[in-house]
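Down below is the structure, laid out as structure tokens.
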Amino acid sequence: MRYELANIQLNRACYLLKKSKYILVCGHTRPDGDCIGSMLALKLALNSLSKRVSCVISDTFPPNLWFLPGIEQIKSRKKKVKKIKKFDLIVSLDSSSLERSGLESLRASTSPVLNIDHHQDNSLFGSVNIVKLKASSSAEILYNLLLRLGVEITRDIATCLLCGIFFDTDAFRNPNTTSRTLEITSKLLSKGACAKKIVRYLLQEKSLSTLKLWGKALARLSENRKLGIVSTVLSEEDIKQSETEGLEGIANYISCLPQAKATLLLSEKNGLIHGNLRTQRDDIDISKLAFLFGGGGHKKAAGFTISGKLVKTRAGWKVE
């Protein structure tokens, strides 16, 4: 029955994509490799079907993703999308809710919404929902959808999809990496996906300013032995002084501490505090903790955003 329902959703998604001429593709705030990689892969695929596609995010994206083909075509808008009524279809990628896109004008749209995601707290907000909790990434889901659409997987599409898979599996180290994930990865490599660049920019290459910022985060590690949580903070001033936003990877790096049940990175930007939670334990679901602060995510990787400011006191860092 579940297989039949999944097929129905895929067929409906293909129908919407084929009949639509003007399509808006949006991601989530603080976009990552899976979000951006999936957006670009879908844009390239739809362009090959003679569709007019606009890709919009409400944030800037990490500088280590600039190598992705077509990334300069993604537009960054804070709150509004102009002429929202002209779109026949809105595709939301890698977002648990439409609100998480940060694009307020989408709420007033009457266009159908195709929701493609793999987060367990997804609210199934779309007209059509392709939400697969066991998928390693939204890119993995998108790969199957593109095959159903009959799209040729070019080298550029393969590179974007592999970037999404590589990022969300943390270089195939996370437990969400399955035999299907590796099978798809193999097929993407056979299509010419540039794995060398993906490994270089996502895993290896770090600027001097980024490493200095990491150094501040590592120097401030604090352990709550009662709760088993190791945490650290980066203030907005830290990030401004470093002249970089190279936060990608810090949360995953500190999660490898063997004594930690869970780890927390708090970073500050524009009056908001972003929390990144990670765990390596199978008996802990940190998405439940993130949910308490209005966030969500996966069992082992989750996050939240709250209003406030990080302030250093004699007793340590606190939120005001």
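Quick check: is even one residue across the stretch 140-150 surrounded by fewer than 24 Cβ atoms within 10 Å (Cβ to Cβ), touching a Pro at 6+ places or on another chain (Cβ under 7 Å) and over 26 Å from K300 (Cβ atoms)? Within the stretch 140-150 (the criterion being surrounded by fewer than 24 Cβ atoms within 10 Å (Cβ to Cβ), touching a Pro at 6+ places or on another chain (Cβ under 7 Å) and over 26 Å from K300 (Cβ atoms)), the answer is no, since none of the residues qualifies. Of all the numbered requirements in (1) within 25 Å of V128 (Cβ to Cβ); (2) in a loop (DSSP other than H, G, I, E, B), D59 misses one, and that requirement is (1).
Within the stretch 196-218, the residues that satisfy the criterion of being of a type outside the set (K, R) and closer than 15 Å to A251 by Cβ are L202, L203, T210, L213, W214, A217, L218.
Quick grid of which residues meet (1) in contact (Cβ under 8 Å) with a residue 24 or more places away in the chain; (2) within 20 Å of Y22 (Cβ to Cβ); (3) among the polar types (S, T, N, Q):
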site: L65; (1), (2), (3): yes, no, no
site: E72; (1), (2), (3): no, no, no
site: R77; (1), (2), (3): yes, yes, no
site: V81; (1), (2), (3): yes, yes, no
site: K85; (1), (2), (3): yes, yes, no
site: S95; (1), (2), (3): yes, no, yes
site: R107; (1), (2), (3): no, yes, no
site: T110; (1), (2), (3): yes, yes, yes
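Scanning the stretch 259-276 for any residue that is touching a residue at least 40 places away in the same chain (Cβ under 8 Å), closer than 20 Å to G228 by Cβ and in contact with a helix residue (DSSP H, G or I) (Cβ under 7 Å, 6 or more places away or on another chain) turns up at least one such residue. Given the condition among the β-branched types (V, I, T) and surrounded by 24 or more Cβ atoms within 10 Å (Cβ to Cβ), answer yes or no: does some residue in the stretch 113-124 qualify? Looking for residues that are among the β-branched types (V, I, T) and surrounded by 24 or more Cβ atoms within 10 Å (Cβ to Cβ), one finds at least one in the stretch 113-124, hence yes. All of (1) under 24 Å from R200 (Cβ atoms); (2) in contact (Cβ under 8 Å) with a residue 60 or more places away in the chain; (3) assigned to a loop (DSSP other than H, G, I, E, B) hold for Q120 with one exception: (1). For the condition part of a strand (DSSP E or B) and either in the same structural domain as K134 (by TED's automatic domain parsing) or not aliphatic (A, V, I, L, M) (or both), L44 does not qualify. In the stretch 156-169, the condition of being out of contact with any helix residue (DSSP H, G or I) (no Cβ under 6 Å at 6 or more places or on another chain), modelled with pLDDT of 95 or more, buried (at least 20 other Cβ atoms within 10 Å of the Cβ) and not in a helix (DSSP H, G or I) is met by no residue.
Does L106 fit the bill of being assigned by TED's automatic domain parsing to the domain that holds C26, surrounded by 17 or more Cβ atoms within 10 Å (Cβ to Cβ), aliphatic (A, V, I, L, M) and assigned to a helix (DSSP H, G or I)? In short, yes. In summary, L182 fulfils each of the numbered conditions (1) part of a helix (DSSP H, G or I); (2) touching a residue at least 24 places away in the same chain (Cβ under 8 Å); (3) more than 26 Å from S20 (Cβ to Cβ) with the single exception of condition (2).
Of the strands (runs of 3 or more DSSP E) lying entirely inside the stretch 201-320, those carrying at least 1 residues that are loosely packed, with under 14 Cβ neighbours inside 10 Å and of a type in the set (S, T, N, Q) are 222-224, 301-307, 310-313. Say whether the condition of being over 26 Å from E72 (Cα atoms), out of contact with any Cys (no Cβ under 7 Å at 6 or more places or on another chain) and among the charged types (D, E, K, R) is met by at least one residue in the stretch 167-174. Yes, that holds for at least one residue. Checked against (1) more than 19 Å from Y201 (Cβ to Cβ); (2) at pLDDT below 90; (3) in a helix (DSSP H, G or I), N64 passes all but condition (1). Taking (1) within 27 Å of K196 (Cα to Cα); (2) assigned to a helix (DSSP H, G or I) in turn, P69 satisfies each apart from (2).
The values are calculated or read from the model by the stated rules, or taken from the named source; none is laboratory data. Source: prediction; values computed, not measured. Cβ sites come from the backbone with ideal geometry, for glycine too, and all protein chains shown count toward neighbours.
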